[in-house]
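K.L.:
I'd like to ask you about the structure that follows.
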Amino acid sequence: MRCTDPAECLYFLTKSVWADCDTCAGTGWAEDTSASPFCGVCTGSGLIEYDEAPGPVSPVACSRHAFQVNRVRALLASTCPNVAVSA
């Protein structure tokens, strides 16, 4: 899904830990029986909020999350140049 408010999206991505989607195992793709090509749970990102799932968050999920956070930070900086972005 497109982010309509980058500041809200950045807060949403950084307020909690993210892990691989349980439904698509982090691939972002739906099953063959779905009408959409993307996973309906994670909307194709392969990430969901981590909630006491067994095992640690995978390094792949961590790098995918970092990529999404950096993408939204860049979007925020380009759409709202007067807003400071803190880590």
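K.L.:
Rank-order 71-77, 10-16 by packing density, defined as the average count of other C-beta atoms within 10 Å over each peptide's residues, highest first.
P.N.:
Values: 71-77: 16.3, 10-16: 13.7.
Answer by packing, highest mean first, reads 71-77, 10-16.
K.L.:
Here's another thing I want to ask about it. With the crude spin-label approximation of a point 7 Å out along Cα→Cβ, what separation in nm comes out for R71 versus E8?
P.N.:
1.9
K.L.:
So, one more: Can you give me the convex hull volume of the Cα atoms of the range 2-45, divided per residue and expressed in Å³? Present the calculation step by step, with values, prior to reporting the outcome.
P.N.:
Working: hull volume 3.1 nm³, N = 44.
Cα-based convex hull of the range 2-45, divided per residue, equals 70 Å³.
K.L.:
Could you pull out every residue, at least 5 positions away or on a different chain, whose amide H is within less than 5 Å of the one on F38? Hs are placed 1.01 Å off N in the peptide plane, and Pro or chain starts have none.
P.N.:
Excluding prolines and chain starts, which carry no amide H, the hits are A30.
Read-outs: derived from the displayed coordinates by stated rules, not from any lab. This structure is a prediction, so every number in the text was calculated from the model and none was measured. All Cβ positions, glycine included, derive from the backbone under ideal geometry; neighbour counts span all protein chains shown.
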